[in-house]
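To start, the structure under review is shown below, and the notes come after it.
Nothing in this text is a laboratory measurement; each read-out follows from the coordinates by a stated rule. These figures come from a predicted structure and were not determined experimentally. Don't worry about glycine lacking a Cβ; one is built from the backbone with ideal geometry, like all the others, and counts go over all protein chains shown.
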Amino acid sequence: MTLLEVRNLEVTYPGGAAAVRGVDLSLAAGSKLGLAGESGCGKSTLALALLRLLPAGARVTGEVLLDGEDVLTMRWGQVRAVRWAGASIVFQGAMHSLNPVHRVGDQIAEPMLLHRRATAAEAGRRTGELLEHVGLPASRAAAYPHELSGGQRQRVMIAMALACDPRLIIADEPTTALDVMIQAQILRLIEQLVAEQDVGLVMISHDLAVLADTCDRLAVMYAGRIVEEGPARQVYEDARHPYAKALSAAFPRIGDPASRFAPRGLAGDPPDPSELPSGCTFHPRCPEALDRCATEDQPLRDAGPGRQAACVHVEAPGPGPTADAEDARSTT
Ligand code: ADP
Ligand code: MG
């Protein structure tokens, strides 16, 4: 069975911001899905919706099936069980959310004591194992957060996420605040843990190069929708949607300082989700827009084996040459 299956997920914040608009996703156990897109495209909203962590007042519709059970319609008791044992989120900048006055070992052990009813001795032993698992000596359990470096704190956060053996890990910009070397180490660590423990990973980043290097599949999000999805390397190296092309051009390699900047060649910002443009929401920024893009919504369509893209220029592969190929032939 698919570990995670998201169907037609929509999230609207109070005030009418449509932050996630009809997202479908699917993730097998042991596989890694990257979710990319500029700041404001709805990535964190999507992540929070998966575990019902959105603020009260956010309207959520659709289905989030975790092992076939819809998280959105579960009783709260079940949702809590899922959060502790089914799925964990490593948040953007989460390393700053460690409690400064408690030893990190106690913070890792806490969910085991609360939700697994482990004894103090069991939780202590498991905490040591988890720390070693993320590459820290077990003795660091006695440290306070300020005694650790940023990379070490992020490792502690990952140990916390692993504490109850989740089946799904959602990592929302887990390395954005770290320097390049540490970033690469943490990504390797997450990759390795996913491979060893057969968990599923949803990794969120604005940096397509990082995701292409870490994940099996890649979904590119714009204005609350997935605009392209497919095998990670193909989406990164040969994007079909103009937005995905701009993103991949902006992030030529992992750790490039340019990855802090806006996508190359794209003016402006993603639209405000309470005032979305008509037609294809990307058309005002799109270098390849046609007149009809301002009025015609572009759904995801077949863009080759295992690939989809939501662009007027993407023709469903048919038996004969595509219209684009014919155009190209007649003009050359
Ligand atoms: P990303 O993670 O891709 O940067 P977010 O999911 O954080 O995007 O935000 C998507 C959109 O939803 C943004 O326009 C943001 O301003 C809006 N948004 C996020 N959180 C809230 C909230 N609590 N209330 C209203 N709007 C929000
Ligand atoms: Mg975010």
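Restricting the GluC sites (Glu not before Pro) of segment 44-134 to loop positions (DSSP other than H, G, I, E, B) with no more than 10 neighbouring Cβ atoms within 10 Å leaves nothing. Along each principal axis, taking the top coordinate minus the bottom one, the Cα set of segment 66-224 gives 45, 42, 27 Å in descending order. Comparing Ala47, Ala163, Ala121 in a Gaussian network model of the chain (Cα springs below 10 Å), the most mobile by mean-square fluctuation is Ala121. Farthest toward the positive end of the dipole of the chain, out of Leu25, Leu53, Ile108, is the Cα of Ile108, where the dipole comes from beta carbon charges about the Cα centre. Quick check: Cα centre of segment 210-244 to Cα centre of segment 268-285, how many Å? Cα centroid to Cα centroid, the span is 19 Å. When the chain is treated as a GNM with alpha-carbon contacts under 10 Å, the residue of Pro270, Pro137, Pro111 showing the greatest mean-square fluctuation is Pro137.
About the centre of its Cα atoms, segment 73-130 shows a dipole size close to 220 debye [charges on the beta carbon of Lys, Arg (+1) and Asp, Glu (-1) only; nearest 20 debye].
A dipole drawn for segment 171-259 from +1 and -1 charges on Cβ atoms has a positive end, and of Gly200, Pro242, Gln183 the residue lying farthest that way is Pro242.
Summing Cβ point charges (Lys, Arg +1; Asp, Glu -1) relative to the Cα centre of the chain gives a dipole of roughly 920 debye. Using only alpha carbons, the chain has a radius of gyration to Kirkwood radius ratio (Rg to Rh) of 1.00. Between helix 150-162 and the chain there is an angle of about 90 degrees, using the helix long axis and the longest principal axis of the Cα atoms.
Between Leu266, Leu208, Leu50, the Gaussian network model of the chain with springs among Cα atoms under 10 angstrom shows the greatest mean-square fluctuation at Leu266.
Past the 24 angstrom mark, what percentage of all C-alpha to C-alpha distances in segment 33-158 do you count? Pairs farther apart than 24 Å: 40 percent.
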